[in-house]
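**Q** Dropping a structure here in structure tokens format, bear with me for questions.
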Amino acid sequence: MNCKRVLKADQQASARPMHATSVEGVDDMIQLGDLSEAGLLRNLLVRHRKGLIYTYTGSVLVAVNPYKDLPLYTQEQVKLYHGQKLGELPPHVFAIADTCYYNLKRYDTDQCCIISGESGAGKTESSKLILQYLAAISGRRSNLEQQILESNPILEAFGNAKTIRNDNSSRFGKYLEISFNQDGAIEGARVEQYLLEKCRVCHQAEAERNFHIFYCMLAGLTAEQKKKLSLKDAKAYKFLTRGGSIVCNGRDDAKDFGRIGSALKVLTFRESQSWEIYKLLAAILHLGNISFEETSQNNMDSSNVCSSEHFSLASSMLEVTDVLEKSMTQRSFLTNRETVTKPLNKEQAADCRDALVKAVYNKMFLWIVGKINGIIGKAVKEDSGSSHRSIGLLDIFGFENFLINSFEQLCINLANEKLQQFFVVNIFELEQKEYLRQGVVWDNITFSDNKPTLELLVSKPCNLLAMIDEESQFPKGTDSTMLYKMNQQHKENKGYVSSKNEHDSQFGIKHFAGQVFYDSNGFLEKNRDAISSNIIMMISISKNKLLHDIFKSELSNKGAMGDKKQMPTLSGQFRRSLESLMKALDACQPFFIRCFKPNKDKNSEGFDRELCMVQLRYSGMMDTVRIRKLGFPIRHTFKDFMFRYRVLLNTAVCDPKKQESDGACCQAICTALIRGKDQWKVGKSKLFLKVRQRHTTEEVEEKEKKKKKKEEEEEEEPFKEDKEFSFQKFCSLHFQGDASHTHISQRLREPLLAHQDERDSLVNVKWMFQPEDAREEDVLIGEGPTLDRPLTPLEKLHIIVGYGLSRPGIRDEIFCQILKQLMGNGDKEVCLRGWTLLSMCLSSFPPSQILIKYLENFLRRGPKGYAAYCADRLRRTVANGEREEVPCEMELQATESKKPMDVTVSLMDGRKFTLQVDAACTSGEVLREVAQKINLTDTYGFSLYISIMEKRWSLGSSGKHVMDSVSQCEHAVRQQGSEESRAPWQLWVRKEMFTPWHDCAVDPVSTELIYRQVLLGLKAEEYVCDKVKKRLKGKHLLPGPPLPLSRFALAINSTGVSFMDGKDTKLLEIPNVELTGPPPPTRTAGKDLNRVGATQLAFRERLWVTSKEPLKQPLLRTLTNNSELSTIACNAFYMGDYPIKHARSPMELTDQIFGPATQHPALQDEIYCQIMKQMTNNRNRVSMELGWQLLWLCTGLFPPSNSLAKHAHRFLKSRPRDPLASDCLKRLQNILRSPRQHPPHYAEVDAIHRNSTQIYHKVTFPNEADELFEVTSTTTIRDLCSTIATQLNLSSPDGYGLFMKTAVKVSVRALSVVLGDILKHVDFPATPSAFLVFFMRKLWFNVIPGRDLTADLTFHYPQEMPRYLRGYHNCSREDMIELAALLFRIQTDSDRSQFVMIPRMLKELVPDDQIDLMSSDEWKKNIISSYNQQMGITADEARVNFLKVISSWPTFGCTFFEVKQTCEPSYPTNMRIAISKVGVSFIDPKTKELLVMHPFGKITDWQTDNHHFHMSIGGLVQGTFSCETPLVNTGGDTLISY
């Protein structure tokens, strides 16, 4: 029915046409033509009807509660608003969050967001959305962001409740301060809480509920848990039914409880701690059901607790069985140093019980907040010296005005008055004062100021809260006396409404949001907030640990409980908290969000004009619109403005170099740039702009900078695209599916090109285009980065280029994905990263012949600077061949600057030359350029060498890539914990091959270089040897003729080896010798070690000999100041040379000697020195044998330091007779690659104890076969896997892994870990017989039954068959019959006579849970029938056929885990998780139905702790799944590997 309103004559006369902006509404109310209250209200109404809940008022956001879920907070919305200026996109809470983040990073200032509004206006939701947005854009730092997000459901559960106005009303104030590091990543957070409404635990108003946690706990605990706590449904408890509302529509208490439990686990609350919390909550509920009966004691009213089950249960849970009743029915107090006990009547006892309950709940809430802060604020606290900036989110209780308002409402409304004053000061007062100071012409705007109200409440002498505090200190003070004094003092105040008469207990205050009447009854008791000494005494003798923890401060001060003056009042504490909050806000740049309630009925369609008008008025929106429209909120000092926008200055108009003032130059910029003088003002030292002009100046600045940069770049001829070889054409010819040639924002769901190898199909380079602080996605599923920090640009490049170098089949896929991401991508920063990646890949490996023409054509269209650079990289790589190593740091820096690299090459005559090289440069090219510079013509035999840290090796003189060797040097430095850029490598040109020539005058340059090289070699004693009694023949040592001199020169050339004296007399000549290295000098270890003092020995040289006495102090001076390490070093000194008190096994001794050194690197040189000391001048054969064994073990654990290394080498080379010396030298070289983390394991010690250097370990396979494999001390899991795969003739070792099986568990090991460390970790203190090493398939990529018979029979069948019989797969009856026939053939080796045994063999033929599907006779009949159809196949063929059948199932190759979960009520408690190559599946174990499958791309994070596994799924508003399983580590490893 359409109704038309008829206007009266006077109304028609005053009516005017609606302004155009009010018809459809505007995003920013400053743009309204009708700046009246009706105009503002109409704008909100129009937008509300359109579903537009956000509206700007300048930089203030108005948010109208929609009372329904809206699709406004997706990951796409996050990307849309990230990096956009405020006002460029439609109003959104994300825009405010992004502006806060932008200002924090750009201006290095703290930010805060004050979210205000009535209860139920949506403040909490706005706060959560801002937090989620900041977590999404700031870059991930392990699981910290998730922990901060997960603190919300915990705090909401314990601090929020259903009220008549809001189903999720915050009953406490919260200020969340999020800290960021200098890179803009979240470093931590801290929660400050204000005034929890603890009285809600005992009393709720009509239609309201208690705190959420009580209802969630009762709905979410299992029946067994509720039985332990003797809990029933919510309706059974008085504390939960006093409001008459148990159910909250729109909330699922059971589901919420699951999320609370999950959040507690994410925040590392132990299960025992969670259970203790539930115990206290249960005790509170039982206490609420206790009743009291009246009695009389000494003619005084007293009371007793009525006998009930609830009382005994509460006593048991609080663990105060004997004293609980007395603490509630008596009160003790101190008078004249004597304790007096007074009995309490029935009502007083109930009040005492309520006080206990409120105190316990409040203290528990504070304890939970403290625990949360300890987790999410840990990093900031530990890194307190670093510079942090913060964004604060204030979500505090809204203005409240109920039928009955008590002391809590007074405090809440005081907080809102303070926030309103903060808003007024920032929006109006400070702004207008600034105009006055700067001399800007301005007509002051009158605005509503609430200063008088604040003066009444807290500022003036005898203010209300001061009077309440004063009356609380008087023992005889009552609510009536307090109210009488307040009326007398403030009855003349316009903001105070006195009581109507002496019997009226109410008084009123005229707040900024309206007049509120408060009931003074209970004011003093609530303000005193005292816990009686009886209750503190009861808690002190309780055995409940959590109860003691939460009352820790009260228990430590229980002696002062009787001193009233030392007890702070609640209002005093609250005022101090408010002052602290306001100081924090004053130090920040504030943003304001004004939340509005459209109606009181929580109706998504309703818009109550009157209610919204009231909110508009008291929120100051009308005045805000006026001052924002007329004012100049953007301001810069002249100096800052010139610094930022000088690029826009026309120096012909104003030139600062000619002494013209900054103010004049700023005015010149604005005059030229901004139209309209009313859009900007010039003050005394500042420039003032309208909001819209900030965007104008920034946009023009950016355009001008681009223009100037473009003019500075060299002009190049534009290339026309060759359509025959366009990338779009290549896409249409070769891309799979409907993949386009242009860039997409989502992750690729399938590869662009077809691949035979599944691993090649999973490459994804999109993550390389993300900022450094962005969260990395896996490059290859199963082989992506799993670090607890963001990867560096170099590490990202190593991963992508590393895959390209190791897998030629993946190269075109990498190039195509990069090209696709560059096509049509408007993000300049992203494109820059893309072109950098492309150039690095082109510098490392070439594309295939199919792609190269298209790639060359694409490069022609590249941006200036990169087009020619990348084309040259491609040309050079094709010419010189692909690289062997990943790029080095120098290459990345050169690529980013698009400039060649400078390297210094040294000659043997001392000269150095700086050459320009590129990534494809070879040793031959460097040599040719050096030869040209020095006029070297006879280059034969000269090579390029590289040296680092006393190591030197030849790069030859032909095609060896120079940058590959530099990359190796950087890797060596990185292994020692230093930065790549600090690698001290050096290039040399040296003569490597000497051939006879007869005329030195042919090339005097060559002769001079050789001469200088020989001289330097002689000085360095490279050719000088001590007397030799043996000679070389081939590689064997044989007796030879003695030499007459003790010192001689060794001459090596193309004809042989000659021994010369100092006068060029040939002592001995050996032709055609095969030389492996120069004979070592035979110096004593003492001289070598003391020669340069590198190892800082604590003893003189004369003491560097063997000793039979224990050490009194360490050998190294560096340890003498560390008492702990000194003691450990002395205890390690043993080689069988002195007696010990207790006999020890070899394992115990090696653990004592080497164990501490593996944990304390400072001890490692000490151990080397001790062993070499005992082996110097030691004539005890047994002792020397032990010494060599220990030295052999030591060289396989850790290397000596750089300063000790050369002395250790000389020590070993000087003892060539001992067979272990050469092996120790080899082990020293190998241990540099991967030092050990644990002392030697049993197999190592046992081998050397038997004087064997060969270590063997037995490896078991799934088919129960086993085999011995030789390993070394530095063999990694990857090395052993490769050895096993080669020895078994497997097609590839990829996808296999080593598993350690003990009596307790089976654990999987990472490929990069050294096998010896794993064996030691497992076998200590057990022997090898206590565990088995299994080699099994771990990742099921490229598994096609029949393609690799060895893998099928040894691994695939033995691993899959048990999973099938356990009932993990969902299969049809026909499949089970066919598989049972195949299994029968395998079990009986095709023996038909065994048919009769089929009924007894069913457990070996049919899944456990399917045996009852048919009778045993039916099974037998069907199995025989299927068996007969399989005639003519062998048992091995049956195994392969078995695999072929099950390989078609989606669960083939899955790793299954039986888990227990409570976080998702729609899933069964006992569930099965299956991890496969495509993702993680949740399966109902009873029905075997797939509940959900989460692809790896949707899994954003996971954690493991104890037996719990947590997984975050989704985008911005993430869901967290938590479960419990004893195989949590195996599950986490499998997920990471995939």
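The values are calculated or read from the model by the stated rules, or taken from the named source; none is laboratory data. This one's a predicted model, so the numbers in the text were calculated from it and none came from an experiment. Every residue, glycine among them, receives a Cβ derived from its backbone with ideal geometry; neighbour counts consider all protein chains shown. To get the accessible areas, we keep the full protein, side chains included, count just its heavy atoms, and leave off ligands, DNA and RNA. Shrake-Rupley method; radii C 1.70, N 1.55, O 1.52, S 1.80 Å.
**Q** Only residues that are of a type in the set (S, T, N, Q) and under 26 Å from residue 349 (Cβ atoms): list them for the range 202-251, please.
**A** Result: 204, 210, 230, 241.
**Q** Go through (1) at pLDDT below 90; (2) hydroxyl-bearing (Ser, Thr, Tyr); (3) open to solvent by 10 Å² or more (accessible area, probe 1.4 Å) one by one and return the number of the condition residue 274 breaks.
**A** Among (1) at pLDDT below 90; (2) hydroxyl-bearing (Ser, Thr, Tyr); (3) open to solvent by 10 Å² or more (accessible area, probe 1.4 Å), the lone unmet condition for residue 274 is (1).
**Q** Could you tell me how many of the residues in the range 1005-1030 are at pLDDT 65 or above, of a type outside the set (A, V, I, L, M, F, W, C) and surrounded by fewer than 13 Cβ atoms within 10 Å (Cβ to Cβ)?
**A** 3
**Q** Which residues, taken from the range 1257-1273, are over 21 Å from residue 1147 (Cα atoms), open to solvent by 60 Å² or more (accessible area, probe 1.4 Å) and in a loop (DSSP other than H, G, I, E, B)?
**A** Across the range 1257-1273, the qualifying residues are 1263, 1264.
**Q** Within the group 449, 443, which residue is open to solvent by 50 Å² or more (accessible area, probe 1.4 Å), within 30 Å of residue 115 (Cβ to Cβ) and at pLDDT below 85?
**A** Only one candidate qualifies: 449.
**Q** Still on this model: Please go through the range 1425-1449 and give me each residue that is surrounded by fewer than 16 Cβ atoms within 10 Å (Cβ to Cβ) and either free of Cβ contacts under 8 Å to residues at least 12 places away in the same chain or in a helix (DSSP H, G or I) (or both), ordered by number.
**A** 1425, 1428, 1429, 1431, 1432, 1435, 1436, 1444, 1448, listed by residue number.
**Q** When you scan the range 1309-1319, do you find a residue that is buried (at least 17 other Cβ atoms within 10 Å of the Cβ), modelled with pLDDT under 85 and assigned to a loop (DSSP other than H, G, I, E, B), even just one?
**A** Yes, the conditions are met somewhere in the range 1309-1319.
**Q** Sort out which residues of the range 960-979 are surrounded by fewer than 13 Cβ atoms within 10 Å (Cβ to Cβ) and in contact with an Asp or Glu (Cβ under 9 Å, 6 or more places away or on another chain), and write them in order of number.
**A** 979
**Q** What is the one condition in (1) touching a residue at least 40 places away in the same chain (Cβ under 8 Å); (2) crowded, with 22+ Cβ neighbours inside 10 Å that residue 167 does not satisfy?
**A** Answer for residue 167: the failing condition is (2).
**Q** Follow-up. Can you tell which of 391, 404, 375, 368 is in contact with a Ser or Thr (Cβ under 7 Å, 6 or more places away or on another chain) and either hydrophobic (A, V, I, L, M, F, W, C) or under 30 Å from residue 177 (Cβ atoms) (or both)?
**A** Unique residue meeting the criteria: 375.
**Q** Something else now. Can you tell which of 161, 136, 157 is crowded, with 23+ Cβ neighbours inside 10 Å, at pLDDT below 90 and more than 27 Å from residue 425 (Cβ to Cβ)?
**A** Only one candidate passes the filter, namely 136.
**Q** Here's something else I'd like to know. Scan the range 619-637 residue by residue and report those that are over 20 Å from residue 99 (Cβ atoms), in contact with a helix residue (DSSP H, G or I) (Cβ under 8 Å, 6 or more places away or on another chain) and open to solvent by 30 Å² or more (accessible area, probe 1.4 Å).
**A** Matches in the range 619-637: 622 only.
**Q** Right, here's the next one. Within the range 976-990, identify whether any single residue is in contact with a Lys or Arg (Cβ under 8 Å, 6 or more places away or on another chain), of a type in the set (D, E, K, R) and assigned to a helix (DSSP H, G or I), and answer yes or no.
**A** Yes, that holds for at least one residue.
**Q** Which pairs do you get when a residue that is under 12 Å from residue 1191 (Cα atoms), found in the range 1209-1223, comes within reach of a residue that is basic (Lys, Arg), reach meaning Cβ atoms under 6 angstrom, with the pair 6+ apart or on two chains?
**A** Taking only residues 6 or more apart or on different chains, the pairs are 1221/1215.
**Q** Could you pull out every one of the strands (runs of 3 or more DSSP E) wholly within the range 1460-1510 that has 1 or more residues that are under 21 Å from residue 221 (Cα atoms) and at pLDDT 85 or above?
**A** 1470-1475
**Q** Among the aromatic types (Phe, Trp, Tyr) and either surrounded by fewer than 16 Cβ atoms within 10 Å (Cβ to Cβ) or touching a Ser or Thr at 6+ places or on another chain (Cβ under 9 Å) (or both): which single residue out of 257, 239, 269 fits that description?
**A** 257
**Q** So, in the range 418-464, how many residues would count as being in contact with a strand residue (DSSP E or B) (Cβ under 8 Å, 6 or more places away or on another chain), closer than 30 Å to residue 507 by Cβ and in a loop (DSSP other than H, G, I, E, B)?
**A** The qualifying residues number 1.
**Q** Between a residue in the range 603-614 that is surrounded by 13 or more Cβ atoms within 10 Å (Cβ to Cβ) and any residue that is among the small types (Gly, Ala, Ser), which pairs come within a Cβ distance under 9 Å, given they are 6 or more apart or on different chains?
**A** 613/38; 614/513; 614/514
**Q** What are the residue pairs meeting all of these: first residue in the range 1388-1417, first residue over 24 Å from residue 1437 (Cα atoms), second residue in a loop (DSSP other than H, G, I, E, B) and charged (D, E, K, R), Cβ atoms under 8 Å, and 6 or more apart or on different chains?
**A** Correct list of pairs: 1408/1366.
**Q** Since residue 1167 meets every condition but one in (1) surrounded by fewer than 23 Cβ atoms within 10 Å (Cβ to Cβ); (2) under 22 Å from residue 1126 (Cα atoms), which condition does it not meet?
**A** (1)
**Q** Looking at (1) open to solvent by less than 20 Å² (accessible area, probe 1.4 Å); (2) more than 24 Å from residue 48 (Cα to Cα); (3) over 22 Å from the mean Cα position of the chain (by Cα), find the lone condition where residue 91 falls short.
**A** (2)
**Q** While we're here: Please determine, by comparing only the residues of the range 25-48 that are acidic (Asp, Glu) and either out of contact with any His (no Cβ under 8 Å at 6 or more places or on another chain) or in a helix (DSSP H, G or I) (or both), which one is farthest from residue 91 (Cα to Cα).
**A** My answer is 37.
**Q** Working carefully through the options 379, 350, 283, 359, find the one that is open to solvent by less than 30 Å² (accessible area, probe 1.4 Å) and either in contact with a Cys (Cβ under 7 Å, 6 or more places away or on another chain) or modelled with pLDDT under 90 (or both).
**A** 379
**Q** For the subset of the range 1386-1406 comprising residues that are under 17 Å from residue 1442 (Cα atoms) and over 52 Å from the mean Cα position of the chain (by Cα), which member is most open to solvent (accessible area, probe 1.4 Å)?
**A** 1389
**Q** Confirm whether residue 944 is surrounded by 19 or more Cβ atoms within 10 Å (Cβ to Cβ) and either farther than 15 Å from residue 844 by Cα or not hydroxyl-bearing (Ser, Thr, Tyr) (or both).
**A** Judged against the criteria, residue 944 is a match.
**Q** Okay, moving on. I need a count of the residues in the range 1362-1385 that are exposed (fewer than 14 other Cβ atoms within 10 Å of the Cβ) and free of Cβ contacts under 8 Å to residues at least 40 places away in the same chain.
**A** Result for the range 1362-1385: 3.
**Q** Hey, does the range 1240-1256 have a residue that's surrounded by 17 or more Cβ atoms within 10 Å (Cβ to Cβ), part of a strand (DSSP E or B) and over 38 Å from the mean Cα position of the chain (by Cα)?
**A** yes
**Q** Residues that are farther than 23 Å from residue 597 by Cα, at least 3 per element: which strands (runs of 3 or more DSSP E) completely within the range 95-204 meet that?
**A** Counting at least 3 such residues, we get 173-180, 186-194.
**Q** A further question on this structure: Enumerate the helices (runs of 4 or more DSSP H) found wholly within the range 792-906, keeping only those where 3 or more residues are more than 31 Å from the chain's Cα centre (by Cα) and of a type outside the set (A, V, I, L, M).
**A** 849-860, 867-880
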